[in-house]
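Below is one structure, written out as structure tokens; the observations come after it.
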Amino acid sequence: MTSSENLIQQDFDHLWPNGLQDQSFEGYTFEESKGSGLLISDCVFSNCRFIACDFASTTFIDCRFSRCQFARDDLTDPSRLRFCSLEHCQLEACDLSGVDCSESNWYGSELKQTRALGLKAQGISNEKQINDRLSLRSLSAVGCDFSLSDFSSARLISSTFADCNFFDSALVNSNFETAAFLQCDLNQIDWFGANITGCDLTESQFDTIDVKHQDLRGVKISRFQLDMLTQPLGIDLID
């Protein structure tokens, strides 16, 4: 496909009833585009804009998004990715700020240097069910900004986050068991009901973990982080 074109108010169900495969889009603007329950696989989106799009229940497999934004420059008209499946997708240097991706599945996907301020990520998952007894979990994010986002009831067991910002986000009733938060900003987070057992918090900053009520079994921290847990209890550590 050629570059720098617009697809305004297009219905993907009508244009591509069987979905998209092995397509490349460079510099496109998708505005108010809609696609429900489609399969989009092995596609590349570079420098594209998705404005007020609705891809509810669409499945993306092995797709790559590079320098794409999913709202206008002023963060109005964000797109919707509710109930989507993004399997083994890559997002690099994208802007997902304000996007509603609640109840979506991100199994095996990678996010790099992506901004996602105020992301609506309630109930998202990273799990792929193989059979009744076996499920796989995978998701990684590096250098991403998730501040002011809502991860309530998210199920992101064993995910890896490195150098990410979660400042002032909600992780209420979420499950991040055995996840790794490496050199992340976890300040001012609402951890109420969150499962962080077995998490690696090495070299991360956190100021709202309630030692009295949070289950911290198996949590990994460094000696230099102990004061972040003990200060709220009024305990002074002496070297």
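Quick notes on this structure:
- Take 135-142, 168-175 and order them by the average number of nearby Cβ atoms within 10 Å per residue, most first; the result is 168-175, 135-142.
- Peptide packing for 21-31, 217-227 was compared via the average number of neighbouring C-beta atoms within 10 Å per residue; ordered from the highest value, the list is 21-31, 217-227.
- Between T160 and L139, S140, A141, A180, the built amide H atoms are under 5 Å apart, and every one of these is 5 or more places off in sequence or on another chain.
- Rounded, prolate or oblate (a/c below 1.5 giving rounded, otherwise prolate when a/b exceeds b/c) for the stretch 48-91 by Cα gyration tensor: oblate
- Formal net charge of residues neighbouring S104 (Cβ-Cβ distance under 14 Å; K, R +1; D, E -1): -1
- Counting only DSSP beta bridges whose two residues both lie in the stretch 34-119, roughly 0 percent are antiparallel.
- C-alpha center-to-center spacing [the stretch 10-89, the stretch 123-163] in angstrom: 21 Å
- Three-way shape label, the chain, alpha-carbon gyration tensor, a/c 1.5: prolate
- Gain in span if fully extended, L75 to D42, counting 0.36 nm per residue against the direct Cα distance: 9.1 nm
- The alpha-carbon of K34 sits under 29 angstrom from the alpha-carbons of these lysines, leaving out residues fewer than 8 places away in its chain: K112, K120, K128.
- 3J(HN,Hα) from dihedral phi, the stretch 159-169, Karplus parametrisation 6.51/-1.76/1.60, rounded to Hz, x for glycine, proline: 6, 10, 10, 10, 6, 10, 10, 10, 3, 6, 9
- Residue (of I221, L75, G118) at the positive-pole extreme of the chain, dipole from beta-carbon charges: I221
- Legend: ranking of residues I196, I209 from fewest to most surrounding C-beta atoms inside 10 Å; resulting order I209, I196.
- Placing +1 on the Cβ of every Lys and Arg and -1 on the Cβ of every Asp and Glu, with no other charges, gives the chain a dipole of roughly 480 debye about its Cα centre.
- In terms of its C-alpha gyration tensor, the stretch 87-162 comes out prolate, because a/c is 1.5 or above and the ratio a/b outweighs b/c.
- Vicinal HN-Hα couplings computed from phi for the stretch 87-104 (Karplus, 6.51 cos²θ - 1.76 cosθ + 1.60; Hz; Gly/Pro x): 9, 6, 9, 10, 10, 10, 6, 9, 10, 9, 4, x, 5, 9, 10, 4, 6, 8
- For E92, neighbours were defined as the other residues whose beta-carbon sits under 12 Å from its Cβ, and their charges (Lys and Arg +1, Asp and Glu -1) total +2.
- Projected label points at D11 and T202, each 7 Å from Cα along the beta carbon direction, are separated by 5.3 nanometres.
No value in this document is a laboratory result; all are computed from the given coordinates. In this text, all values refer to a predicted model and were calculated from it rather than measured experimentally. Virtual Cβ from ideal backbone geometry, glycine too; neighbours counted across all protein chains shown.
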